[in-house]
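The values are calculated or read from the model by the stated rules, or taken from the named source; none is laboratory data. Bear in mind the structure is a predicted one, so any value in this text is a computation, not a measurement. Here the Cβ is made from the backbone with ideal geometry for all residues, glycine too, and neighbour counts use every protein chain on show.
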Amino acid sequence: MNLLTFLSRLFSALAHAKEAADVSGAPDGEYRIYNDKKSIYDVSTVDTQSAAPPGWEGAPPYRYIDVSRYQGKITLDGWRKVKAAGYKGVMLKTVSTNKKLSKRADGLYIDPTFEDNYKNAKAAGLDVGVYYYSYAISHTGADKELALLADALRGKELTLPVAVDVEDNKLKELGRQALTDLTAYALARIEAMGFYAQLYTYTSFANTRLYMGGAALSPYDVWLADYTGKPPAVTFKYNSHQHTSKGAVPGISGDVDLNVTTLNYPRIIEKKGLTRLREGA
């Protein structure tokens, strides 16, 4: 079954979509809706029939990108070109560890392009979410990353998820169960901060280093990286697919990660009030 046929059948069951759209350059792949738990990730709890809620227009799949300091400076005009090219939003890198870039003893830093990218992407009319690249192998390390993440997000409005990026080779020193539990801890903390929590990882890491279908991680949304051009070989559910790291996007120099999702994230997130850091978080 090809992608468009699959999406057409899938979204005929959803109230807000009547037919799948043809997205130029979209990868072959399988996209699944997470709706088997009554949680903030349950699409069935979102009212799509009453007075038009915020959100993306049109039927899915929806295209978006993610960027970091590796894409260099992106001007406001550049972000307007991204928007004009049909991309709905962007996931911005926030926190990571690099002792050459950090002024802290622990090496944590906020991506130097984050503030300008946030301001200009929002000004261009794009929806914005964030991710942070985790090196944490303990609750203490996770707490430090999350504290800096909270500092970065204070006063900002997000209409896409907040994702923890779990893929680094350093994390492999933890056992599979220990890493699964630590990842679930970080996701729960993001949720407690007042945001829509999401796990980013890639296929082989997910299949060998995490218990994706277990009770700890199954309640959470998944953003999956898989560049094979085929339906990812996974048994767990995911809603977003990063299908290449070699995209060419107007307004941005160099390669860009390209993503596609079946979920109207702004509609879900704004409807559920998961757009800002909670007081005291």
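Quick grid of which residues meet (1) closer than 23 Å to residue 272 by Cα; (2) of a type in the set (A, V, I, L, M, F, W, C); (3) touching a Cys at 6+ places or on another chain (Cβ under 7 Å):
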| site | (1), (2), (3) |
| --- | --- |
| 100 | no, no, no |
| 109 | no, no, no |
| 114 | no, yes, no |
| 118 | yes, no, no |
| 127 | yes, no, no |
| 143 | no, no, no |
| 148 | no, yes, no |
| 151 | yes, no, no |
Completion exercise
The condition from (1) surrounded by 14 or more Cβ atoms within 10 Å (Cβ to Cβ); (2) of a type outside the set (D, E, K, R); (3) touching a residue at least 40 places away in the same chain (Cβ under 8 Å); (4) assigned to a loop (DSSP other than H, G, I, E, B) that residue 101 misses is numbered (3)
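Given 280, 214, which one is small (Gly, Ala, Ser) and either over 30 Å from residue 121 (Cα atoms) or at pLDDT 95 or above (or both)?
On the way: 280 fails: either over 30 Å from residue 121 (Cα atoms) or at pLDDT 95 or above (or both).
Of the residues listed, the single one that is small (Gly, Ala, Ser) and either over 30 Å from residue 121 (Cα atoms) or at pLDDT 95 or above (or both) is 214.
Being surrounded by fewer than 18 Cβ atoms within 10 Å (Cβ to Cβ), closer than 24 Å to residue 242 by Cα and of a type outside the set (Ser, Thr, Tyr) is true for just one of 120, 169. Which residue is that?
Numbers: 120 fails: surrounded by fewer than 18 Cβ atoms within 10 Å (Cβ to Cβ).
Sole residue among the options that is surrounded by fewer than 18 Cβ atoms within 10 Å (Cβ to Cβ), closer than 24 Å to residue 242 by Cα and of a type outside the set (Ser, Thr, Tyr): 169.
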Completion exercise
By residue number, the members of the stretch 190-246 that are closer than 18 Å to residue 175 by Cβ and either surrounded by fewer than 16 Cβ atoms within 10 Å (Cβ to Cβ) or among the small types (Gly, Ala, Ser) (or both) are 204, 206, 207, 208, 213, 214, 215, 216
Practice task
Return the pairs, sorted by first residue and then second, in which the second residue is in a loop (DSSP other than H, G, I, E, B) and of a type in the set (A, V, I, L, M, F, W, C), the first residue lies in the stretch 150-176 and is touching a residue at least 60 places away in the same chain (Cβ under 8 Å) and under 30 Å from residue 54 (Cα atoms), the beta carbons are less than 7 Å apart, and the residues are 6+ apart or on different chains.
Solution key: 150/277; 150/281; 153/277; 154/277; 158/195
Practice task
Could you pull out every one of the strands (runs of 3 or more DSSP E) wholly within the stretch 121-225 that has 2 or more residues that are more than 20 Å from residue 262 (Cβ to Cβ)?
Solution key: 127-133, 162-165
Problem - Which numbered condition residue 146 fails, given (1) crowded, with 18+ Cβ neighbours inside 10 Å; (2) more than 21 Å from residue 89 (Cβ to Cβ); (3) in contact with a Ser or Thr (Cβ under 8 Å, 6 or more places away or on another chain) - result: (3)
Handout entry: Residues (closer than 22 Å to residue 281 by Cβ and either of a type in the set (Ser, Thr, Tyr) or in contact with a helix residue (DSSP H, G or I) (Cβ under 8 Å, 6 or more places away or on another chain) (or both)) located in the stretch 176-197
Key = 182, 183, 185, 186, 189, 190, 193, 195, 196, 197
Practice task
Kindly indicate whether any position in the stretch 243-251 is under 27 Å from residue 148 (Cα atoms), under 14 Å from the mean Cα position of the chain (by Cα) and among the polar types (S, T, N, Q).
Solution key: no
